[in-house]
1. Before we move on, is residue 33 farther than 21 Å from residue 307 by Cβ, at pLDDT 55 or above, surrounded by fewer than 14 Cβ atoms within 10 Å (Cβ to Cβ) and over 15 Å from the mean Cα position of the chain (by Cα)?
2. Identify all residues within the stretch 180-192 that are surrounded by fewer than 18 Cβ atoms within 10 Å (Cβ to Cβ) and either assigned to a loop (DSSP other than H, G, I, E, B) or at pLDDT 95 or above (or both); write none if there are none.
3. Need the failing condition index for residue 96 against (1) in a helix (DSSP H, G or I); (2) touching a residue at least 60 places away in the same chain (Cβ under 8 Å); (3) touching a helix residue (DSSP H, G or I) at 6+ places or on another chain (Cβ under 6 Å); (4) within 14 Å of residue 40 (Cα to Cα), just the number.
4. Quick one: in the stretch 232-254, which of the residues that are closer than 28 Å to residue 307 by Cβ and over 18 Å from the mean Cα position of the chain (by Cα) is surrounded by the most Cβ atoms within 10 Å (Cβ to Cβ)?
5. How many residues, within the stretch 212-245, are farther than 17 Å from residue 175 by Cα, touching a helix residue (DSSP H, G or I) at 6+ places or on another chain (Cβ under 9 Å) and part of a loop (DSSP other than H, G, I, E, B)?
6. Within the set of pairs 6+ apart or on separate chains, which have a first residue in the stretch 169-193 that is closer than 30 Å to residue 22 by Cβ, a second that is modelled with pLDDT under 90 and not in a loop (DSSP other than H, G, I, E, B), and C-beta atoms under 6 Å apart?
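The values are calculated or read from the model by the stated rules, or taken from the named source; none is laboratory data. Computed from a predicted structure; not experimentally measured. Cβ: placed from backbone, ideal geometry, glycine included. Neighbour counts: every protein chain shown.
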């Protein structure tokens with residue numbers, strides 16, 4: 001499948017709203033020295049707007065606006081983009097998992113921008129979390145309950161089809177209803193507690209097909225769980241894709257996963273300080289993929305007509321990153 005790289009700013013309305021196109025935009029998330037961040041806006045062929053994660057935001061009582069470093073990706077990046085594109089609501093928001101760098105933006109958006117439905121894996125961490133994770137897990141549970149009370153929540157698991165647009169086939173690839181676990185928790189580093197790796201491993205992973213083109217969004221599942229859980233639980237043929245959002249910001253990957261997905265394009269959402277040493281980059285290049293990294297390329301957008309697609313970026317990877 002052919003693709004092209006164009007150095008364009010991603011503010012051209014005709015790209016996002018082009019009739020009969022599926023458009024996916026991965027935003028560059030500012031580095032506030034926490035997390036890594038992921039926010040994706042998708043415009044469907046019929047004109048619906050979908051999202052997968054909302055980017056970083058960390059509550060900070062001492063901050064002048066209530067957010068660490070005065071940054072909230074939902075407020076500062078996502079909603080301005082949507083308004084610029086004349087979008088007045090999000091038809092479905094898929095949240096991969098309950099970490100602030102993925103749902104933080106939603107904490108602002110929930111009160112400031114219409115969201116019709118929230119979809120996630122339904123995972124609730126069963127153990128005790130330390131202070132580093134307890135706050136964010138609780139904050140997400142409150143958000144989930146808000147949508148449940150509105151009758152605007154859907155839980156999704158492996159094998160289920162999501163009715164998001166008549167022209168798209170959206171299948172959930174992970175996690176299963178029983179969720180993934182860790183059979184050997186003693187093997188995990190102390191710096192990687194269960195409230196981190198188990199929440200990551202049970203990310204909502206989705207396969208989106210428009211015409212002949214397949215997109216795969218696996219969330220933050222980590223390398224250990226890719227091999228011992230994901231690859232053993234799904235038909236590997238369904239992992240093959242044209243455009244892949246790199247798992248775990250590209251920090252996590254395995255040779256087996258790269259060979260199973262064999263993407264033509266991979267896009268990693270990660271800060272510039274991580275970008276040059278990503279574990280996933282050589283693995284995806286080895287199977288023939290063109291790799292893009294938001295910390296190097298800025299916003300990355302894919303426009304697909306069902307037969308072919310084009311990739312556009314804000315800058316090439318030799319330009320200085322935005323401050």
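1. yes
2. In the first step, residues of the stretch 180-192 are kept if they are surrounded by fewer than 18 Cβ atoms within 10 Å (Cβ to Cβ); the result is 181-192.
Selection gives 181, 182, 183, 184, 188, 189, 190, 191, 192.
3. Every listed condition holds for residue 96 apart from (1).
4. In this case the residue turns out to be 234.
5. Total satisfying the criteria: 2.
6. none
Quick grid of which residues meet (1) modelled with pLDDT of 95 or more; (2) over 14 Å from the mean Cα position of the chain (by Cα):
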site: 26; (1), (2): yes, no
site: 45; (1), (2): no, yes
site: 52; (1), (2): yes, no
site: 56; (1), (2): yes, no
site: 62; (1), (2): no, yes
site: 103; (1), (2): yes, no
site: 107; (1), (2): yes, yes
site: 114; (1), (2): yes, yes
